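Engineer: So that we are looking at the same thing, I have put the structure below in structure tokens.
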Amino acid sequence: MLAAEEKYVTSVKDYSIEFYNVIIDYVPRLVSAFVILLIGLYAIRFISRMAKKIMEKKEVERTLAEFLSSSLLWSLRALLFVTFISKLGIETTSFVAILGAAGLAIGMSLQGSLSNFAGGVLIIIFKPFRVGDTIEAQGAIGTVTDIQIFVTKLVSGNNQTILIPNGILSNGIITNYSVAGKRRADLMFSLSYDTDIKAAKTIVLEVMNNHPNVLKTPAPEVLVRDLTDSAIHLAIRPWSKNEDFGKVSSDILEQCKTAFDEKGITIQPFVRDVSK
């Protein structure tokens, strides 16, 4: 009985000594791992701030700057985490494999979101439009108010917010009305065949030339667009600045109608063919 107790005591002492030796050997590794973690967090914060300042000086697009800054921050954090656990003596090969498998599964389940993410990156890099531009895309027309990584926000003329996923937006046709700074209105009047075409064109040109918001260069145009069975189609093309486009279009139509009435020029109503 005494021999068994002595053997038990000896075993406990041996385990205690072994545990103590392990702790003594592991403490320097633990301390160095946490030192690396603290220094790494400070370095990451410093690098992130420096990157933001550099992008501000270079006048990088705000959305792109935020995206690049965030990507850099999380990439450095992931690298620091792998270094930290490696310093603790944890095998990183299997850990990285698990992360890769999880990333693949998440990527397959979020294919639509990844497509929007990629589209957002393309829009931010190639800049087919900027915040404040008026664009037409995916059947919607509005002013761009925000370009995010996954969606682009537009505000329509009647103050409705439109969200377009960047995936389909980057792969579709985009009409940007703001890039050139000026825009041509394509208006039309249908006139009777009794109309003196030269007189009508003179009246329209006079109306456009007298309007303060119609640009002189490029010069406004008026021409015969088509001769149908029932009417002469007169195309009216004034140029204006983007901000004056709506007003110019409305004013020209109204003033031309008034001038035609004064000169006795008849506007031909639309005639529907009901013979079939």
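Engineer: Quick check on segment 21-28. Is at least one of its residues loosely packed, with under 10 Cβ neighbours inside 10 Å, modelled with pLDDT under 70 and either assigned to a loop (DSSP other than H, G, I, E, B) or among the hydrophobic types (A, V, I, L, M, F, W, C) (or both)?
Structural biologist: Checked segment 21-28: at least one residue is loosely packed, with under 10 Cβ neighbours inside 10 Å, modelled with pLDDT under 70 and either assigned to a loop (DSSP other than H, G, I, E, B) or among the hydrophobic types (A, V, I, L, M, F, W, C) (or both).
Engineer: Looking only at segment 168-179, how many residues end up being surrounded by fewer than 19 Cβ atoms within 10 Å (Cβ to Cβ) and touching a residue at least 40 places away in the same chain (Cβ under 8 Å)?
Structural biologist: 8
Engineer: For Thr202, are the conditions met, namely being polar (S, T, N, Q), modelled with pLDDT of 90 or more and part of a helix (DSSP H, G or I)?
Structural biologist: When the stated conditions are applied, Thr202 passes them.
Engineer: Would you confirm whether any residue within segment 212-222 is within 20 Å of Glu136 (Cα to Cα) and either acidic (Asp, Glu) or in contact with a Pro (Cβ under 9 Å, 6 or more places away or on another chain) (or both)?
Structural biologist: No, segment 212-222 contains no residue that is within 20 Å of Glu136 (Cα to Cα) and either acidic (Asp, Glu) or in contact with a Pro (Cβ under 9 Å, 6 or more places away or on another chain) (or both).
Engineer: Also: If you go through segment 210-217 one residue at a time, do you hit one that is more than 38 Å from the chain's Cα centre (by Cα), at pLDDT below 95 and in a loop (DSSP other than H, G, I, E, B)?
Structural biologist: No, every residue in segment 210-217 fails to be more than 38 Å from the chain's Cα centre (by Cα), at pLDDT below 95 and in a loop (DSSP other than H, G, I, E, B).
Engineer: If I go through segment 145-167 residue by residue, how many of them are surrounded by fewer than 21 Cβ atoms within 10 Å (Cβ to Cβ) and in a strand (DSSP E or B)?
Structural biologist: Result for segment 145-167: 9.
Engineer: Continuing with this model, one more query. Filter segment 168-190 down to residues that are more than 18 Å from the chain's Cα centre (by Cα) and in a strand (DSSP E or B) and give me whichever is farthest from Val248 (Cα to Cα).
Structural biologist: Ser190
Engineer: So, in segment 183-205, of the ones that are surrounded by 14 or more Cβ atoms within 10 Å (Cβ to Cβ) and among the charged types (D, E, K, R), which residue ends up farthest from Gly132 (Cα to Cα)?
Structural biologist: Lys201
The values are calculated or read from the model by the stated rules, or taken from the named source; none is laboratory data. Predicted model, so just to flag it, every value in this text is computed and none were measured. Backbone-built Cβ (ideal geometry, glycine too); neighbour counts: all protein chains shown.
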